[in-house]
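The values are calculated or read from the model by the stated rules, or taken from the named source; none is laboratory data. The structure presented is a predicted model; accordingly, all values stated were derived computationally and were not measured. Cβ placement follows ideal geometry from the backbone for every residue including glycine, while neighbour counts extend to all protein chains displayed.
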Amino acid sequence: MLVFRPGRGFLPFDSATNMHEQILQLVSQAHALTEQGAVAEPDHWQRKRLVLADLSLHLVQTALRSGPLNVQDLQRQLFSVLTLADGFLDEVDLKPTAEALFTASQSAHPAAQK
């Protein structure tokens, strides 16, 4: 299997243990592009779509970061994604779910309230 490396082209996949790092490198590049695009985008809804993509990339980073999963980061990022996505889905109300996630994250981590 080949992996794309910016500036170096497609290279052989290193190993399964290195897969997370390779994905995180690509996500980091996509993250930078979405942030630049959101800042430069004049259309409000297109900017919101880019911000939604950016928030989704944060989820990928949290999921693949080495070590134990940071539950507080995951809750905060899911809250952000649901809050922003709510504006795109007229037929579904995501706010109660987002608020429940936020409340749970605050009660699980009282230090985060300060």
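Of everything in the range 8-30 that's surrounded by 13 or more Cβ atoms within 10 Å (Cβ to Cβ) and of a type in the set (A, V, I, L, M), which residue is modelled with the lowest pLDDT?
Per the stated criteria, the residue is 19.
Could you say which residue among 49, 76 is within 27 Å of residue 22 (Cβ to Cβ), in a helix (DSSP H, G or I), charged (D, E, K, R) and in contact with a Leu (Cβ under 9 Å, 6 or more places away or on another chain)?
Matching residue, one of 49, 76: 76.
Where residues in the range 79-114 are of a type in the set (A, V, I, L, M), buried (at least 16 other Cβ atoms within 10 Å of the Cβ) and part of a helix (DSSP H, G or I), which of them is modelled with the lowest pLDDT?
Result: 101.
If the requirement is being in contact with a Gly (Cβ under 6 Å, 6 or more places away or on another chain), of a type outside the set (Ser, Thr, Tyr), free of Cβ contacts under 8 Å to residues at least 24 places away in the same chain and on the phi < 0 side of the Ramachandran plot, which of these qualifies: 50, 78, 74?
When all the criteria are applied, what remains is 50.
Those residues that are touching a residue at least 24 places away in the same chain (Cβ under 8 Å) and aliphatic (A, V, I, L, M), I need them from the range 81-96; list them, please.
81, 84, 85
Quick test for you: out of 65, 76, pick the one residue that is more than 29 Å from residue 8 (Cα to Cα) and not aliphatic (A, V, I, L, M).
Matching residue, one of 65, 76: 76.
Six or more apart or on different chains, Cβ atoms under 6 Å: show the pairs whose first residue is in the range 10-33 and part of a helix (DSSP H, G or I) and whose second is surrounded by 12 or more Cβ atoms within 10 Å (Cβ to Cβ) and at pLDDT 85 or above.
20/64; 23/64; 24/64; 27/57; 27/60; 27/61; 30/57; 31/57
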